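A.B. asks: Okay, here's the structure, questions in a sec.
The values are calculated or read from the model by the stated rules, or taken from the named source; none is laboratory data. Treat the numbers as computed from the prediction; the structure is a model and nothing was measured. Please note: Cβ atoms are built from the backbone with ideal geometry, for glycine as well, and neighbour counts cover all protein chains shown.
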C-alpha cells in the first residue's frame, strides 16, 4: 500500500478485506533457525500468533489467514467497523487502555487472554474452510508440479462462488503482482473505488475485467 495513501485503499466505515505484510530489516531474524548466528528463534512463533490474535480482538479485526516466516509475516484480515459501531464510549476507552498497557513477560505470556476469531465457515470468502483448503492445496500442487493444464473439475464450483473465471485462475495465482495493482476485484467495483478516491482508474483494470467480470 506504500504507493497510495491508506485513505485511498481503506474506505472509512466500510467492512473490507486486506492483505498486510511486514518484514524485518538489517538482516534481523524473525523466527526459526538463524543461519548466521546459529540461534533457534522458533519459540517466537507462539508469541507472534498470540499477539496477532490479541490485537485483532481489541481492534475488531478478523484474522482469516496468517503466515509467520523467517523474516516477515503475512496477514489477511477483515476490518469490522460495523462491530465497532456497537461499542459504547466506555468500551472504546477500555480497549484502548488494554492496548496501551500490553506487557510481555520473560516467558512470552501476555496479561490478557486471546479471544480473536480465525478463519471459519463464516470467514472472508463465500466458501467453507474445507473448500478453501481444497482450493489452496490443489493450486499449490499445480504450480509446484508445473502442470499448466485445465483446472480440476471439482474446483470449478468453488471458483465460481468467489467470482473468479475458471480459465484465468492459474494466471492469477502465478502472476498476481504483475497483473494487479493495489485494488483487486470486479471492474465495476474498481471504477466505484476510483471515483470515491478521486482517481480515474487503478492499475490492472483490464485484467480485473477479464478475471472477475
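A.B. asks: Among the residues of the range 172-188, which ones are more than 17 Å from residue 136 (Cβ to Cβ) and touching a residue at least 12 places away in the same chain (Cβ under 8 Å)?
C.D. replies: Hits for the range 172-188 are 179, 180, 181, 182, 183, 184, 185, 186, 187.
A.B. asks: Name the residue that is surrounded by the fewest Cβ atoms within 10 Å (Cβ to Cβ), counting only residues in the range 69-88 that are under 19 Å from residue 47 (Cα atoms) and touching a strand residue (DSSP E or B) at 6+ places or on another chain (Cβ under 8 Å).
C.D. replies: So, considering only residues that are under 19 Å from residue 47 (Cα atoms) and touching a strand residue (DSSP E or B) at 6+ places or on another chain (Cβ under 8 Å), the one surrounded by the fewest Cβ atoms within 10 Å (Cβ to Cβ) is 72.
A.B. asks: Let me ask something else about it. Consider residue 7 carefully, then state whether it is over 22 Å from residue 88 (Cα atoms) and either in contact with a strand residue (DSSP E or B) (Cβ under 8 Å, 6 or more places away or on another chain) or in a helix (DSSP H, G or I) (or both).
C.D. replies: Yes: the conditions hold for residue 7.
A.B. asks: Also: Restricting to the range 31-60, name every residue that is farther than 30 Å from residue 190 by Cβ and touching a helix residue (DSSP H, G or I) at 6+ places or on another chain (Cβ under 7 Å).
C.D. replies: Of everything in the range 31-60, those that are farther than 30 Å from residue 190 by Cβ and touching a helix residue (DSSP H, G or I) at 6+ places or on another chain (Cβ under 7 Å) turn out to be 31, 58.
A.B. asks: Please go through the range 11-39 and pick out each residue that is under 21 Å from residue 162 (Cβ atoms), in a loop (DSSP other than H, G, I, E, B) and modelled with pLDDT of 85 or more.
C.D. replies: Correct list: 14, 15.
A.B. asks: Considering each residue of the range 41-50, count those that are within 18 Å of the chain's Cα centre (by Cα), surrounded by 16 or more Cβ atoms within 10 Å (Cβ to Cβ) and touching a residue at least 24 places away in the same chain (Cβ under 8 Å), and give that number.
C.D. replies: 1
A.B. asks: Here is a further query. When you check residue 193 against the structure, is it within 18 Å of residue 9 (Cβ to Cβ), in contact (Cβ under 8 Å) with a residue 60 or more places away in the chain and assigned to a loop (DSSP other than H, G, I, E, B), yes or no?
C.D. replies: It is false that residue 193 is within 18 Å of residue 9 (Cβ to Cβ), in contact (Cβ under 8 Å) with a residue 60 or more places away in the chain and assigned to a loop (DSSP other than H, G, I, E, B).
A.B. asks: Additional query: Of the residues that make up the range 64-83, is at least one on the phi > 0 side of the Ramachandran plot and within 18 Å of the chain's Cα centre (by Cα)?
C.D. replies: No, the range 64-83 contains no residue that is on the phi > 0 side of the Ramachandran plot and within 18 Å of the chain's Cα centre (by Cα).
A.B. asks: Still on this structure: Return the residues of the range 25-40 that are surrounded by 15 or more Cβ atoms within 10 Å (Cβ to Cβ) and in contact with a strand residue (DSSP E or B) (Cβ under 8 Å, 6 or more places away or on another chain); say none if nothing qualifies.
C.D. replies: Hits for the range 25-40 are 30, 31, 32, 34.
A.B. asks: Which one of these does residue 61 not meet: (1) surrounded by 12 or more Cβ atoms within 10 Å (Cβ to Cβ); (2) modelled with pLDDT of 85 or more; (3) closer than 26 Å to residue 14 by Cβ; (4) out of contact with any strand residue (DSSP E or B) (no Cβ under 7 Å at 6 or more places or on another chain)?
C.D. replies: Against the list (1) surrounded by 12 or more Cβ atoms within 10 Å (Cβ to Cβ); (2) modelled with pLDDT of 85 or more; (3) closer than 26 Å to residue 14 by Cβ; (4) out of contact with any strand residue (DSSP E or B) (no Cβ under 7 Å at 6 or more places or on another chain), residue 61 comes up short only on (4).
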